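Data first, discussion second: the structure below is written as structure tokens.
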Amino acid sequence: MRVQVRDVWRTHAGAPHAVLRGLSLELESGALVALLGRSGAGKSTLLRCMVGLEPFERGEIEVDGAVLRGTEECTAREREASLRALRERTGLVFQSFELFPHLTALENCTLAPMKVKGLPRVQAEAQARGLLEQLGLGDKADFHPARLSGGQRQRVAIARALAMAPRVLLYDEPTSALDPSLKGEVLAALKRVDATGVTQVVVTHDLQVARGAEHVAVLAGGQVVERGHPDDVLQRPGHEATRTLLAAG
């Protein structure tokens with residue numbers, strides 16, 4: 001399965017400079033990849049472009065054969081068709097979880113498969129229970145979000161995203177809203193998902209999370225300036241932006 005970002009340019013309305021400046025990145029199928037960079041480097045913008053929540057002007061994003069081109073390089077009709085195909089293949093776990101507070105963990109994980117994919121309730125619930133069990137939440141299926149810890153809510157959000165069977169799962173700062181003591185359980189959840197073969201892309205400032213990834217890519221100035229195995233990038237950084245990031249962390 002191919003996941004590629006090719007020469008993507010993105011400028012926010014009214015901004016004097018582009019946020020993404022010809023950014024290119026190729027991800028290995030099934031890999032757990034951490035995106036690092038200072039605030040404003042373009043990490044979250046890239047994530048939102050990859051899931052189709054934010055447009056980009058030029059370049060291409062390809063996920064498992066679905067190709068989305070920049071708004072300057074395709075018609076509105078072509079873009080809409082490409083967006084549908086891209087969103088069928090990608091999932092996003094939000095920083096603030098975005099769980100429905102009036103629904104149980106199980107109901108949060110069955111709503112979209114039933115409404116969007118048309119799965120029968122029995123099948124959707126069996127799938128959701130399996131995902132919650134896989135993420136260590138089998139005994140929390142009937143709990144509402146208010147009864148769960150931050151780490152547990154984050155894992156429910158991951159299970160909900162996985163219920164739509166994405167090829168690529170994107171995370172926007174999954175540990176930033178958590179107490180330090182809870183970060184380990186989210187990292188363990190990422191490892192469990194990694195074992196399923198889903199490609200994962202994690203935007204993070206947390207070096208603990210980055211060290212647990214299989215690959216690290218460092219963004220600066222809207223481009224990927226360094227990438228490789230965490231042991232290489234984080235212990236022997238070759239770019240000044242990476243050294244500055246590590247010094248600050």
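The values are calculated or read from the model by the stated rules, or taken from the named source; none is laboratory data. The model shown is predicted, which means the values in this text are computed figures rather than measured ones. Heads up, the Cβs are rebuilt from the backbone with ideal geometry, glycines too, and the neighbour counts pull from every protein chain shown. When the accessible area is computed, the model is the full protein with side chains, heavy atoms only, and any ligands, DNA or RNA have been set aside. Shrake-Rupley method; radii C 1.70, N 1.55, O 1.52, S 1.80 Å.
A few points about this structure:
- In the chain the Cα-Cα distances spread across 5 Å bins starting at 0 as 1, 6, 14, 17, 18, 16, 13, 9, 4, 1, 0 percent of all pairs.
- Calculated [222 nm] ellipticity per residue, helices only, for the chain: -11000 deg cm²/dmol; basis is -39500 (n - 2.57) per DSSP H run with n ≥ 4, divided by all residues, nearest 500.
- Ellipsoid semi-axes for segment 127-236, based on the Cα gyration tensor and the rule √(5λ), read 27, 15, 12 Å when sorted largest first.
- A165 paired with A15, simple spin-label distance in nm, labels 7 Å along Cα-to-beta-carbon: 3.6 nm
- Spacing of the two label points (7 Å from each Cα toward its C-beta) at K117 and S181, in nm: 3.6 nm
- A viscosity of 0.692 mPa s and a temperature of 37 °C, combined with the Kirkwood radius over C-alpha pairs in the Stokes-Einstein formula, give segment 1-134 a diffusion coefficient of 195 µm²/s.
- Using a probe of 1.4 angstrom and keeping all protein chains present, the accessible surface of the chain works out to 46 square angstrom per residue.
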